[in-house]
Amino acid sequence: MNLISEQQAFAFEVEPTVASFHTHDGSERNVTSMADGTEVENNVTLNPYALVQRQGMIEGNLDNALTNQSLPRDINPGSRKLLIVITPTHARPHQAYYLNRLAYTLKLVQPPLLWIVVEMTSQSEETAGILRKSGIMYRHLVCKKNLTDIKDRNVHQRNVALSHIETHRLDGIVYFADEYNVYSIDLFEQMRHIRQFGTWTVAKQTQDNNRVTLEGPVCNGTKVIGWHLNELSKRYRRFHAETPGFAFNSTILWDPRRWHRPTLEQIRQLETVKDGFQASSIIEQVVEDESQMEGLPQDCSRIMVWELNIESNSFYPQKWLMKNNLDVIAPLA
């Protein structure tokens, strides 16, 4: 099945290649694949179910056209799980574009949904303005870590959000939605069916921008039976899921006895210089093996997340400097 054929609007070439995937028993099989402290802004305290009516009046039936009709529709909005979407952000040329694009996507998702956006050092007025105008229930947090002491700021920003969820015992589905990715609306509706841990395939645009590789699970129904691999990831990852390729029940963070966790240690993402290992490190703290995972959608048969290299093609005139947050750019004297 050509999983990428519906995405012809993207300007990259997809070539079928023979790849291997790793199974639970350690064997490998060849498959043909289309791939080679915290500060809080007290912003919105709306009852999430009251928000259902408010947002429903705004959106009308638009979401019905964008959401997979095969999903069961909840008659009672109160039966929908809260989605807790975590987004780290920092000042750079495309920041306003990314945040606004993700905000428009999340606004199309059926409530209740909480968007946790985390910045470094302090809350910027520009980011706060975008969040206020988004119409989405949100929390605006700050990571106080010294930038000179860290290798990957996103790891620490996500951990600030996890700490917030744990402290306030928020009950829902946790998802790391980096601002630069492209998401299907259906992805968020699929998440609401997760009991413990859900995972899906992510399409990644290569650095030369003309091919797509797949990262994530190989499924039989909703059972995870293996992983799409590349040679680099084989060496050091236990679970081959990308950061935007999984979500989990938030109660795992603050109710270890319910999930029979062997340790009471906090679940946090680990910082490392190895690409992709951060995702595997937190998954290993949430589940023991693939038997505790759910592959989404059925047979993991559809791509719902795309990683695109927009910034790699950016060009700015010589001697231009980004002095402020977001898209405020000024030439040097």
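The values are calculated or read from the model by the stated rules, or taken from the named source; none is laboratory data. Computed from a prediction, not measured in an experiment: that's the story for all the values here. Backbone-built Cβ (ideal geometry, glycine too); neighbour counts: all protein chains shown. These accessible areas exclude ligands, DNA and RNA; they are computed on the full protein's heavy atoms, side chains included. Shrake-Rupley method; radii C 1.70, N 1.55, O 1.52, S 1.80 Å.
With every protein chain left in place, what is the accessible area per residue of the stretch 118-211 in square angstrom, probe 1.4 Å?
Each residue of the stretch 118-211 exposes 39 Å² on average to a 1.4 Å probe.
Quick check for me: using +1 on Lys/Arg Cβ and -1 on Asp/Glu Cβ, what's the dipole size of the stretch 83-308 about its Cα centre, in debye to the nearest 20?
Dipole magnitude for the stretch 83-308 comes out near 280 debye.
According to a simple spin-label model (label point 7 Å from Cα along Cα-to-Cβ), what is the distance in nm between ASP149 and LYS133?
Distance between label points: 3.6 nm.
Of VAL174, GLN190, SER291, which is farthest towards the positive pole of the stretch 83-308's charge dipole, taken about the Cα centre with +1 and -1 on the beta-carbons of Lys, Arg and Asp, Glu respectively?
About the Cα centre, the residue reaching furthest to the positive side is VAL174.
Greater than 27 Å separation of Cα atoms is the criterion. Which listed pairs, LYS81/LYS133; LYS107/LYS151; LYS107/LYS204; LYS81/LYS151; LYS151/LYS204, meet it?
Flagged as over cut-off: LYS107/LYS151; LYS81/LYS151.
Assuming 0.36 nm per residue, please report the length gained on full extension of the stretch LEU108 to ASP299 beyond their Cα-Cα distance.
Length gained, LEU108 through ASP299: 66.2 nm.
Compute, for TYR183, the solvent-accessible surface of its heavy atoms (probe 1.4 Å) with the complete set of protein chains present, and express it in square angstrom to the nearest 10.
20
Kirkwood Rh and Cα-based Rg: tell me the resulting Rg over Rh for the stretch 83-308, rounded to two decimals.
Result: Rg/Rh = 0.93.
Can you give me the long-range amide H partners of GLU294? Hydrogens built in the peptide plane at 1.01 Å from N, cutoff under 5 Å, separation of 5 or more residues or another chain.
Correct list: PHE197, GLY198, THR199.
Of all DSSP beta bridges located in the stretch 83-308, what percent are antiparallel, nearest 5?
Beta bridges within the stretch 83-308, antiparallel portion: roughly 45 percent.
What is the set of long-range amide H partners of ARG139 at a cut-off below 5 Å, with H atoms built 1.01 Å from backbone N?
Placed amide hydrogens put TRP115, ILE116, VAL117 under 5 Å from ARG139.
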